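The values are calculated or read from the model by the stated rules, or taken from the named source; none is laboratory data. Remember, predicted model here, so these are calculated numbers, not experimental data. Every residue, glycine as well, gets a Cβ built from its backbone with ideal geometry; the counts of neighbours run over all protein chains shown.
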Amino acid sequence: MKITLLALAACWLFYSPVAQVCAIGPETSRGCASIEVRSDVGWIGPGQSFNVIVVVSPDKDWHVYWKNPGASGAPTVIEIDAPEGFKVGEPIFPRPSIFRTSDGPTYGYSELVAIFVPVTAPQTIDDETATFEITTSWLACKKICVLGENETKFTMSMNPQTQGPPHKDLRLVKWQMVLPNPLPDLDGGTCHIDNNTLHISGTSDDRVVSFIGVERLGIRFGKPTPTVVQGGSFSMHIPLTLDYSAVDGEPIVVEGLLTVGRNRSDPSYVVRIIANPEIEIR
């Protein structure tokens, strides 16, 4: 992941108007964004699943990017070095805003965004605390773009007998409400791949239904055909360019976000399917 980020950074430094510091002022921060780290539980118990939450707050009039930046930009990347025995999942990003540019649409956040990283503790706990080393990297843009990085050591208490209670503060509840849901949570929500086309269907009272794909090695998304909405049901079809030679025998994960409505607070659903299911994910 660090190699990918360095490559992106080098590309942007060479081709784009990237500044090394923000405009001078009392309210600016390094990388034109500030970082806060917290969790959603009081302490860690044996085998407990919880989230490390990375809160990114762009400076006024700046924005950072989603995990797929779109036509330009660079993804926000979170890496967690956890103690032995802990399992760290992939970051869960809230639905992004769409920024219209001359190059095409880009996806990101101009306001505070809370990114959830799922973590599972080992079944046996011997230590009193666990320290997680969290590196967050981003690109912030306004008229120019600025590379930012933050390294945080986040320590949590542990209990060898009982699992920690979930936090229920209003900030946390608000952040949880805008996280994407699994596609099956949508009424009639299904997806499948046929003839290099991703087919998505479901039921929604809102006629505005869109899809944002996450491009990665071996997968490119074409322009979706117009979404057909009839009696609350919809279907959409997204052409795929699949390059199996690029992944060297690994599975190609086709992933994206199905969005309903026009606002960031409207529902969104995670679409995730293996293009070559005969290959197991390692």
Looking only at the stretch 55-82, count how many residues are within 26 Å of Asp126 (Cα to Cα) and assigned to a strand (DSSP E or B). 3
Do any strands (runs of 3 or more DSSP E) lying entirely in the stretch 83-174 carry at least 2 residues that are closer than 23 Å to Asp266 by Cα, not assigned by TED's automatic domain parsing to the domain that holds Gly222 and not basic (Lys, Arg), and which ones are they? 97-101, 104-109, 113-120
Residues in the stretch 198-210: is at least one of a type outside the set (A, V, I, L, M), under 30 Å from Ser245 (Cβ atoms) and out of contact with any Phe, Trp or Tyr (no Cβ under 7 Å at 6 or more places or on another chain)? yes
Can you tell me which residue in the stretch 191-212 is modelled with the lowest pLDDT, limited to those that are farther than 21 Å from Asn263 by Cα and exposed (fewer than 13 other Cβ atoms within 10 Å of the Cβ)? Asn195
Among the residues listed as Arg38, Arg30, the single one being modelled with pLDDT under 95, surrounded by fewer than 22 Cβ atoms within 10 Å (Cβ to Cβ) and closer than 28 Å to Thr155 by Cβ: Arg30
May I ask you to list the residues in the stretch 120-155 that are touching a Lys or Arg at 6+ places or on another chain (Cβ under 7 Å) and either of a type in the set (Phe, Trp, Tyr) or surrounded by 14 or more Cβ atoms within 10 Å (Cβ to Cβ) (or both)? Thr120, Gly148
Which is over 21 Å from Arg38 (Cβ atoms) and in contact with a Leu (Cβ under 8 Å, 6 or more places away or on another chain), of Gly108, Gly189? Gly189
Among the residues listed as Val113, Val77, Val117, the single one being under 17 Å from Ile35 (Cβ atoms), touching a Ser or Thr at 6+ places or on another chain (Cβ under 7 Å), at pLDDT 95 or above and buried (at least 18 other Cβ atoms within 10 Å of the Cβ): Val77
Is there any pair with a first residue in the stretch 198-221 that is charged (D, E, K, R) and a second that is surrounded by fewer than 18 Cβ atoms within 10 Å (Cβ to Cβ) and not in a loop (DSSP other than H, G, I, E, B) whose Cβ atoms are under 6 Å apart and which are 6 or more apart or on different chains, and what are they? Arg207/Val229; Arg220/Thr241
When the stretch 158-175 is checked residue by residue, the ones that are touching a residue at least 60 places away in the same chain (Cβ under 8 Å) and either of a type in the set (Asp, Glu) or in contact with a strand residue (DSSP E or B) (Cβ under 9 Å, 6 or more places away or on another chain) (or both) are Met158, Asn159, Gln163, Gly164, Pro165, Pro166, His167, Leu172, Trp175
